[in-house]
């Protein structure tokens, strides 16, 4: 069975990585199973619409788009779904600036747990759990019979949910030389952070929409490689944007993200399951796979002994 020591030393990500526990072919297979099982997908032209406008470039921070990225978003429908609603509740629980201690309230702990339980009930996360068991990725003690409650055909595995909570919501120190616990896997991947005048993380379309609506994100434009297939329109977008803090934060907090990749329309459970699998199978660095009709690149790096430094799936 695998253990959880992801690195041979050091706190950051990008060097001295352990060998993957599965093949690229196995990774591609499970990603496609999750993709096909994502019944809570949203669809461009039906649930939301984006306006791409001007092209962005890594050579400049010029705003090439006059309007917002999203010009239609059916928030009543989208946020009526349980996992979407639970996910939305988490997004305002963090401070933007790296180096500032995150304080987790009892109410936020409750919201975190409600989100984990909501995604655990989905077919996507059930398939992810079953696959991880089949690949001997997790230690034996995560699957003792008394840890699993079968409810209407759904395995509520409490040890697995505890692992998800620890992986995604445990705080760690992202800022070198700082004593404060200022970050977490969830905050970086899904919410985004400001570090030394730049935005890092933020690989989620729902967070992008909400921050854009709040006036804290200014969409600059897109890069030339987007997925565009006849069945579902495009599902991945590489873009540039500027992000600032809210009214309670210093007006100088924020910055530019010159290039970022986000899915469009995927459910919170799909993204959480996909990135959890990348991490637990130690598929670190970049790997080229095909999901449905889409040629994509997975990227994941660990942080410390049990945390995600970054994880996303982008165009290639």
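Total residues in the stretch 88-114 satisfying the condition of being surrounded by 18 or more Cβ atoms within 10 Å (Cβ to Cβ), more than 23 Å from residue 213 (Cα to Cα) and at pLDDT 95 or above: the figure is 1.
Within the option set 9, 14, being assigned to a loop (DSSP other than H, G, I, E, B), modelled with pLDDT under 95 and surrounded by fewer than 12 Cβ atoms within 10 Å (Cβ to Cβ) holds for one residue only, 9. Here the stretch 171-185 is the region considered, the condition is being surrounded by fewer than 24 Cβ atoms within 10 Å (Cβ to Cβ) and under 11 Å from residue 102 (Cβ atoms), and the residue that is modelled with the lowest pLDDT is 182.
If you check 41, 77 for being part of a helix (DSSP H, G or I) and either in contact with a helix residue (DSSP H, G or I) (Cβ under 6 Å, 6 or more places away or on another chain) or at pLDDT 90 or above (or both), only one passes: 77. For the stretch 96-108, a tally of residues being under 16 Å from residue 185 (Cβ atoms) and in contact (Cβ under 8 Å) with a residue 60 or more places away in the chain returns 3.
The values are calculated or read from the model by the stated rules, or taken from the named source; none is laboratory data. This is a predicted model, so every value here is computed, not measured. As a convention, Cβ positions derive from the backbone with ideal geometry for all residues, glycine included, and neighbour counts pool all protein chains shown.
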